[in-house]
Amino acid sequence: MPFTPTEQFNAVIAAIDAVNAEDPRKIMVDGAEYPYETVYADRMTETLERMYPDASELLRIAARAQHIRRWQIPRDTYPRNREGYQKWRLEMRQLHADLVGGIMRENGYSDEDIALVGSYLRKERLKREADSQALENVVDVVFLAYYWDEFVAKFPHYDDDKLIDIVGKTLRKMSSHGHQAALALDMPPETAKIVMAAVEREKDTLAAMTAREAQ
């Protein structure tokens, strides 16, 4: 059954979009300039619709808010090491959860619904909660489809082995449904080479994951 948005849902999405429209960072798409996070949110929604046409209302909100006001806490405010990166990611996830939680509360959503969306954005219960895992799958497919080249350009010192390792870690966070969507992407040859090398390196782990899903 097609998703029928409520006025409450539409108000939340409009509020998320209004926040993301404030992003001072810009990106060019089809010859026009847009706020960076506006484009990201659109891509998240479009990919969610394609991968999960029956997505729940709360999952749709979480996908739209995945990077809400992401520019507020720049990465370079934390040390350039793994510990700094992890602390930054945790704070970003909590920021997104808090912001969308406030928007949902203003528009009459229950504390239970707000808590669920927050848990999805904090990446809680991956592999155990369907909507949380679905959001992770969409995030990773959007990354490979739209932001991989930007990522590689940002870290020119990463060799192929390092990039294969990064894609392998991404694949391990996904479910088989996410893998199928990722491998169906129309990737440039160089990207496809890295992704397929990661699939080969992780084949035993991915096979075991698929077997567990089937149980």
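List the residues whose amide H sits under 5 Å from the amide H of residue 27, counting only those 5 or more places along or on another chain, with H placed 1.01 Å from N in the peptide plane.
34, 36
Run the helix sum for the chain: -39,500 (n - 2.57) per DSSP H stretch of 4+ residues, divided by residue count, reported at 222 nm to the nearest 500 deg cm²/dmol.
Working: 11 runs with 141 residues, N = 215.
Computed ellipticity for the chain at 222 nm equals -20500 deg cm²/dmol.
What full-extension length gain, to one decimal in nm, is calculated for residue 154 and residue 205 as 0.36 nm per residue of separation minus the Cα-Cα distance?
15.5 nm
Under 20 °C and 1.002 mPa s, how fast does region 164-206 diffuse according to Stokes-Einstein, given a Kirkwood radius computed over C-alpha pairs? Answer in µm²/s, whole number.
Reported coefficient: 209 µm²/s.
If you roll a 1.4 Å probe over the heavy atoms of the protein chains, what accessible area per residue do you get for the chain, in Å²?
Per residue, the chain has 54 Å² of solvent-accessible surface.
Ignoring any ligand, DNA or RNA, what whole percent of the accessible area of the chain comes from carbon and sulfur when the probe is 1.4 angstrom?
Taking all protein chains in place, the chain shows 54 percent carbon and sulfur surface.
Give the angle, between 0 and 90 degrees and rounded to the nearest 10, that separates the Cα long axis of helix 130-142 from the longest principal axis of the Cα atoms of the chain.
60
Kindly provide log₁₀ I(q)/I(0) values, in the same order as q = 0.09, 0.11 Å⁻¹, from the Debye equation applied to equal alpha-carbon scatterers of the chain.
-0.37, -0.56
HN-Hα J couplings of region 61-78 from phi, Karplus 6.51/-1.76/1.60, θ = phi - 60°, integer Hz, Gly and Pro as x?
Using θ = phi - 60°, the values come out as 5, 4, 4, 5, 9, 3, 10, 4, 6, 5, 5, 5, 10, x, 4, 6, 7, 10 Hz.
State to the nearest 20 debye the size of the charge dipole of the chain about its Cα centre, where the only charges are +1 on K and R beta carbons and -1 on D and E beta carbons.
Numbers: 29 positive and 37 negative charges, 153 e Å.
For this selection, approximately 740 debye.
Calculate how steeply helix 189-201 sits against the longest principal axis of the alpha-carbon atoms of the chain, using the helix alpha-carbon long axis, and give the answer as 0 to 90 degrees to the nearest 10.
Once rounded, one gets 80 degrees.
If I model region 111-203 as equal point scatterers sitting on the Cα atoms and use the Debye formula, what is log10 I(q)/I(0) at q = 0.17 Å⁻¹?
Evaluating at q = 0.17 Å⁻¹ gives log10 I(q)/I(0) of -0.75.
Between residue 76 and residue 36, with labels modelled 7 Å along Cα→Cβ, what's the label distance in nm to one decimal, could you check?
1.1
Round to the nearest 0.05 the FRET efficiency obtained for residue 10 and residue 212 when R0 = 30 Å and r is the Cβ-Cβ distance.
Working: r = 38 Å, r/R0 = 1.27.
E(calc), rounded to 0.05, equals 0.20.
The values are calculated or read from the model by the stated rules, or taken from the named source; none is laboratory data. Since we're looking at a predicted model, the values are computed, not measured. In this analysis, Cβ positions are derived from the backbone assuming ideal geometry, glycine residues included, and neighbour counts consider all displayed protein chains. With ligands, DNA and RNA removed, areas are computed over all heavy atoms of the protein, side chains included. Shrake-Rupley method; radii C 1.70, N 1.55, O 1.52, S 1.80 Å.
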